[in-house]
Amino acid sequence: AVRDGIRKRTSRLPPGPPGLPLLGNILQIPSQFLAYKLHDWSKQYGPIYTFWMMGQPFVVLNSIKVAADVLDRKSDVTSDKPPMIKMACETEVDSCQVRPFADVGDGRLYAYGFNIRSTMRFTPMQENEAAHLALGLLRHPDKPFNEHMHRFAASIIFRSTYGGDTIAHMGPDPSKKIEDLTLRLMAASLPQNSVVDTLPFLKPLIENVKWLRKQADDWYNEVCEEGNRLYDAAIPADHWDATTTVHDLNINLEKYGMTKHDAMWMTLALFMAGQETSHTVLRIFALAMLNNPAVMRAAQEQLDAVCGRRPPTFADRERLPYIDAIIKEMLRWRPPVPLSLLRMASEDFEYQGYTIPKGTTLIDNIWCVGQTRDASVYHNPDAFDPSRFLDASGNLLPSPPDTRSDLLGFGHGRRVCPGKDFAVNGMFISFAYLLWAFQFEWPVDESGKQVICGVDEMESHALVATPRPFGVVLKSRHESLEEHLRAAMKE
Ligand code: HEM
């Protein structure tokens, strides 16, 4: 009877790849780069299909229109998060604590002071950090490129959240401990790596394993201790009088209906979600520039015409549309979070003659050619070509319908990334600074041969897809570059 019930509820789901009885498609699911597999299936099964793991359906959304229809237009029933059992078992954190943002309207955090207007308060700090990044690359060429990008990403998120000085190039990193602790949470949130999320009936068994409980308790206590320490040490405003996120939450706890514990977790979640992604976009940017020198030259010509010998600022943005086109192209070409975060249908709903039952997991397949690489919208999708976003005079074109301003890389609906405006500002100023300051070149080996990293040499880090480590040689484009950078650091 139970099997009949399930069959009845799921018989009108979109069809997808055939699987084995009970196991479904589980043996076809790779532990890394699931996005590639889902993309392959989309070529055969179209813009919406279902795959199965142990009796649980996963509906994959593979085109711009389908994702917008399901996640934007039906967001009242498609904004829930699936329970992450493994994460809850291993860390005592349920998905609500990490993703507490989308309960009202377009996401609570948006309403609370992380929207496009209010994130502008952080632009002086982001400008300062971009100058600091370029200065560090100039002064410490032996420090791996990856570590420079990592420092920058951690520093801008840390300062907007807790305040304080820039994280030093060669000194201690105040964000290191919380980063290490949160990496475990990220790994635990991947259902395809989790036996208990695939076989939920194992939950009581796993919950009662003593050593697992102890590990979870220890982890939870350590994170709370460090999270509270950072929260309590946060300062009200940065050097440019911008209210830090902790302070904004703390003085408004009652208005926002939150406890201090909620606010502490929310700020940790911002750090977790923002640090790795912001670090990744810088690495994808460098990979794109090194593999596309004509794009680098075009951007530098525009920067030279607008800024000349002084570094760029946010005030130049309107006259630097090519940098914004690079941001859009990067998020289309190599989206850092290729499958977004999982969603769950909170009610049965109808779509294109199918019935998607309550409890079905939904996957926003950002990676798929059908979406960010949709050939009908983005011609020649494999090429890295920012000019696709520009008209003949070099101005930004209006975005096609349903593409969320050509920024699909931040997801959809009520749960769209709450850090997106902050992230885009960070990308703008860091890309502009790096292109203005440096020529990007590949390193050469002892025999004089370039050591290249190809555009497909990616690694999968939990939810994020990032290029493998690679070397970059940066050649200064201006005389007295160090003086220009120091002058720009108005701290
Ligand atoms: C280029 C950088 C970034 C990319 C590509 C990115 C992408 C994403 C994506 C795809 C999601 C899932 C959205 C969905 O479910 O539809 C997300 C969620 C989230 N992002 Fe970002 N993000 C970036 C930067 C940031 C930054 C800088 C912050 C914080 C300052 C941040 C904070 C968050 C949080 C807290 C969530 C969870 C929201 C929720 O589930 O309610 N992100 N991000």
Modelling each spin label as a point 7 Å along the Cα-to-Cβ direction, I'd like the H239/E459 distance in nm, to one decimal.
3.2 nm
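From largest accessible area down, sort K65, K37, K176, K81; use a 1.4 Å probe on the protein chains. Please list the in-between numbers first.
On the way: K65 115, K37 60, K176 90, K81 35 Å².
Putting K65, K37, K176, K81 in descending order of accessible area: K65, K176, K37, K81.
Applying 1/(1 + (r/R0)^6) with R0 = 35 Å to the Cβ-Cβ distance of D348 and K176, what FRET efficiency is obtained, to the nearest 0.05? Show your work: numbers first, answer last.
Numbers: r = 46 Å, r/R0 = 1.31.
Result of the calculation: an efficiency of 0.15.
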Over what distance in Å are the Cα centres of segment 387-412 and segment 207-266 separated?
36 Å
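Within a Cβ distance under 13 Å of Q302, other residues only, what is the Lys/Arg minus Asp/Glu net charge?
Values: positive: R297, R317, R319; negative: E301, D304, D316, E318, D324.
Residues close to Q302 contribute a combined charge of -2.
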Using label points projected 7 Å from each Cα along Cα→Cβ, tell me how many nm separate R297 and E479, to one decimal.
2.4 nm
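Keeping every protein chain in place, order Y49, Y351, Y36 by accessible area at 1.4 Å, biggest value first, i.e. largest first. Spell out each step's value before the answer.
Numbers: Y49 0, Y351 20, Y36 85 Å².
Largest accessible area first, the list is Y36, Y351, Y49.
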Run the 1.4 Å probe and let me know the accessible area of D385, rounded to the nearest 10 Å².
60 Å²
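If I take R0 = 41 Å and measure r between the Cβ atoms of I251 and D76 in this structure, what FRET efficiency does the formula 1/(1 + (r/R0)^6) give, to the nearest 0.05?
Working: r = 32 Å, r/R0 = 0.77.
The computed FRET efficiency comes out at 0.85.
Looking at segment 2-488 only, what percent of DSSP beta bridges run antiparallel? Nearest 5 please. Please report the intermediate quantities before stating the final value.
Working: 25 of 29 bridges.
Antiparallel bridges make up about 85 percent of those DSSP assigns within segment 2-488.
What shape does segment 400-491 have by the C-alpha gyration tensor, where a ≥ b ≥ c are the square roots of the eigenvalues, rounded means a/c under 1.5, and otherwise prolate means a/b greater than b/c and oblate the rest?
Numbers: a/c = 2.71, a/b = 1.31, b/c = 2.07.
Oblate.
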Within segment 245-270, the residues whose backbone N lies under 18 Å from a label point placed 7 Å from the Cα of E225 along the Cα-to-Cβ direction are 265
If I take R0 = 51 Å and measure r between the Cβ atoms of M489 and K214 in this structure, what FRET efficiency does the formula 1/(1 + (r/R0)^6) give, to the nearest 0.05?
0.60
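Which of the pairs K74/K358; K37/K176; K37/K328; K143/K176; K143/K328; K177/K255 have their Cα atoms more than 22 Å apart in this structure?
Correct reply: K37/K176; K37/K328; K143/K328; K177/K255.
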In segment 346-491, what percent of the accessible surface is made up of carbon and sulfur (1.4 Å probe, ligands and nucleic acids excluded)?
50 percent
Quote the relative contact order of segment 2-488 in percent (integer), defining contacts as alpha-carbon pairs under 8 Å separated by 6+ residues.
24 percent
Take E129, E225 and sort them by solvent-accessible surface of the protein heavy atoms, 1.4 Å probe, largest at the top.
E225, E129
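Keeping all protein chains in place, calculate the accessible area per residue for segment 2-488 (probe 1.4 angstrom), answer in Å². Please report the intermediate quantities before stating the final value.
Details: 20600 Å² over 487 residues.
With all protein chains present, segment 2-488 gives 42 Å² per residue.
The values are calculated or read from the model by the stated rules, or taken from the named source; none is laboratory data. All of these numbers come straight from a predicted model, not from anything done at the bench. Cβ atoms come from the backbone with ideal geometry, glycine included; neighbour counts cover every protein chain shown. SASA here: full protein model, heavy atoms, side chains in, ligands and nucleic acids out. Shrake-Rupley method; radii C 1.70, N 1.55, O 1.52, S 1.80 Å.
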